[in-house]
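The values are calculated or read from the model by the stated rules, or taken from the named source; none is laboratory data. Because the structure is a prediction, the values reported are computed rather than measured. As a convention, Cβ positions derive from the backbone with ideal geometry for all residues, glycine included, and neighbour counts pool all protein chains shown. Just the protein is used for accessible areas: all its heavy atoms, side chains included, with ligands, DNA and RNA removed. Shrake-Rupley method; radii C 1.70, N 1.55, O 1.52, S 1.80 Å.
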Amino acid sequence: MTSNDEYVLQILKEHGSVTDEQVQKILEVPSSNTETSVVDRIIESGALTESDILAILASQFGMEVMSLKGVDLAPEIRDMISVETARRYKVVPVYKTGDTLTVAMGDPLDFDTLDMLRYMLKCNVEGVIAPREEIKMMLDKFYAVESSVETMLDQIGDNTVDVASKDDLLIQADVTESDAPIIKLVSLIILEAFRNRASDIHLEPLEKRFRVRYRIDGVLHEVDSPPKRLQPAIISRVKIMAGMKISEKRIPQDGRIQVNIMGRELDLRVSSIPANHGESIVMRILDKQNLALGLPKLGFFSDDQQTFEHLIGLSDGILLVTGPTGSGKTTTLYACLNHINRPDRKIITVEDPVEYQMSGINQVQVREDIGMTFAAALRSILRQAPNIVMIGEIRDRETANIATEASLTGHLVFSTLHTNDAPSAVTRLLDIGVKPFLVASSVRAVMAQRLVRCVCEQCKERYDATDADLRLLGSFGQAASEVQLARGRGCTKCSLTGYSGRKGIFEIFLITDEIQKMIFQKVPSSELRARAREMGMRTLREDGQRKAAAGVTTIDEIMRVTMGDQD
């Protein structure tokens, strides 16, 4: 037993947290690792948790206990301590106030490290206590041993990421030896995004650095960025892969990359736009496996799923999905098409762009530069005698009128609109010029949706709802015995965030006979909403509240996503 162990044990005993008898029993149990400290053995026994011990020690030494979950280190703070120093002494700088740097450490008795850092950095250094697992995660994330570009390139083989483009075969033949590291680096950026479940890759030229960020579960996370000097080569490589013009840097461009990552087929939709310090590039990762999701995987509870399956099984009418960009509208529509795609049905889509390529479905790409607009394409495909039509988005009166006429002549039409809630879609259609009687007779239902982060299943823990929680849960918190609130402790799977994956929350607005009459009378959307709620429509927040009450997500996440829902 080390002197530190003895000192900590003395503090725990004086605090009344453990007794001599408990310690003796714990020490009598043989340990598989002879180097395990007494404190670790106390934690393993279940007598105290690491959080309990940290709180006691923090109180003893006048230190703060800090959670590192979701903490994102600013580059200027991270760079104050070298990789070697951070990993050797197991410390992470978290913030700087004036001339004082605060570092997180797992051992509150390690005063020597604080003195050493004060001497090295020539500034005052204070410590806060954090769980050791969280410190390890931060070190792995921000102070990886293999942080240099040259070392990272050795992590992947030449065939880990294959570009499935026929044009790229010619490009590969002309690659020189000096180009190979850049090709591998771009492949590594894509590979790491895939491993981290990212939906977008952002390559952003700033004044003094080249920033790389991944959007994971709807939140942007900065990752280790390549040197600024590699910016032109990386951007050129991405543009070549996407079939863009390398020499054109003055106007925005769009492209597409098909890649095979470890046997998984992915489509990358690439967009470039000129910025102050170079071209900014965003790569949207489209995973075809998401299309195979059943409707329950989208986040429906059984009652909403039953309603929705009935709607997409209708023979005619319009079904609209609304929400802001990034709310999962396209994924929902594709899941619908996948669900009803059968050999006896002809399905045609009109999209800008075609995001996913689906077998058994005729997909038409909008090209406004040659006159192939939504309206022109829609007018033509109706001559193809389809059963089901999917329109990427209703943007203008002409498209909306053709869609309503198609629905009234025996076609089932799916489309999207950008509105905040479901009843507002009716007002939007009226505003762009569709006659009220056409809206009332053609639209069968409107579904608004948002995406919320799910509690990580690997580190999920249940907890009892407080009075404040029950108030935030509204009517779904009245039966407190049925509430099963959950949160994530933070683990390696979720990168200490407590969240992993996303599911939808929904607001389904059914166009009943009474609602049809109200639409024909041009009543405001607020009255439509009020009447729909009286008839049983759940709002986005209410659907979120019941999913929080069931432990699918958290109350904080629901409040964040439905901030605009005043109901």
Restricting to the chain, what percent of DSSP beta bridges are antiparallel, rounded to 5?
65
Over the chain: helical MRE at 222 nm, DSSP H runs n ≥ 4 each giving -39500 (n - 2.57), nearest 500:
-11000 deg cm²/dmol
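What translational diffusion coefficient, in µm²/s and rounded to a whole number, does the Stokes-Einstein relation yield for the chain at 25 °C and a viscosity of 0.890 mPa s, taking the hydrodynamic radius as the Kirkwood radius over Cα pairs? Kindly include the intermediate steps, with their values, before the conclusion.
Details: Rh = 27.5 Å.
Estimated diffusion coefficient is 89 µm²/s.
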Please state the charge dipole magnitude for the chain, taken about the Cα centre, from unit charges on C-beta atoms (+1 on K and R, -1 on D and E), reported in debye and rounded to the nearest 20.
2060
Computed over the chain: longest principal axis from alpha-carbon atoms vs helix 231-241 long axis, angle to nearest 10 degrees, is 40
Relative packing of peptides 399-406, 252-259 - highest average C-beta neighbours within 10 Å first
399-406, 252-259
Name the residue from Ile189, Tyr214, Pro227 whose Cα lies farthest towards the positive end of the charge dipole of the stretch 187-245, charges +1 on Cβ of Lys and Arg and -1 on Cβ of Asp and Glu.
Pro227
Helix 111-121 versus the longest principal axis of the chain: what angle, 0 to 90°, nearest 10, using Cα atoms?
70
Set the Förster distance to 30 Å, then compute FRET efficiency between Ile246 and Arg87 from the Cβ-Cβ distance, nearest 0.05.
0.15
Positive end of the charge dipole of the stretch 245-324 (Lys, Arg +1 and Asp, Glu -1 on Cβ, about the Cα centre): tell me which of Pro324, Ile246, Leu286 has its Cα farthest that way.
Ile246
Cα gyration tensor of the stretch 400-450 - equivalent ellipsoid semi-axes, whole Å, descending
18, 13, 9
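Pairs on different chains or at least eight residues apart, Cα atoms closer than 21 Å: how many lysine pairs in the stretch 448-567 fit?
Working: Lys460/Lys493; Lys460/Lys503; Lys460/Lys547; Lys493/Lys503; Lys503/Lys547.
Close lysine pairs under the 21 Å cut-off: 5.
For Phe437, Phe61, what's the largest-to-smallest order of accessible area, 1.4 Å probe? Kindly include the intermediate steps, with their values, before the conclusion.
Numbers: Phe437 110, Phe61 55 Å².
Sorted descending by solvent-accessible area, the residues read Phe437, Phe61.
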Å³ per residue enclosed by the Cα convex hull of the stretch 416-525:
148
Considering only protein heavy atoms, what is the solvent-accessible area of Ser526 at a probe of 1.4 Å, reported in Å² to the nearest 10?
80
Angle check, please: helix 540-549 long axis (alpha carbons) against the longest principal axis of the chain (alpha carbons), in degrees 0 to 90, nearest 10.
40
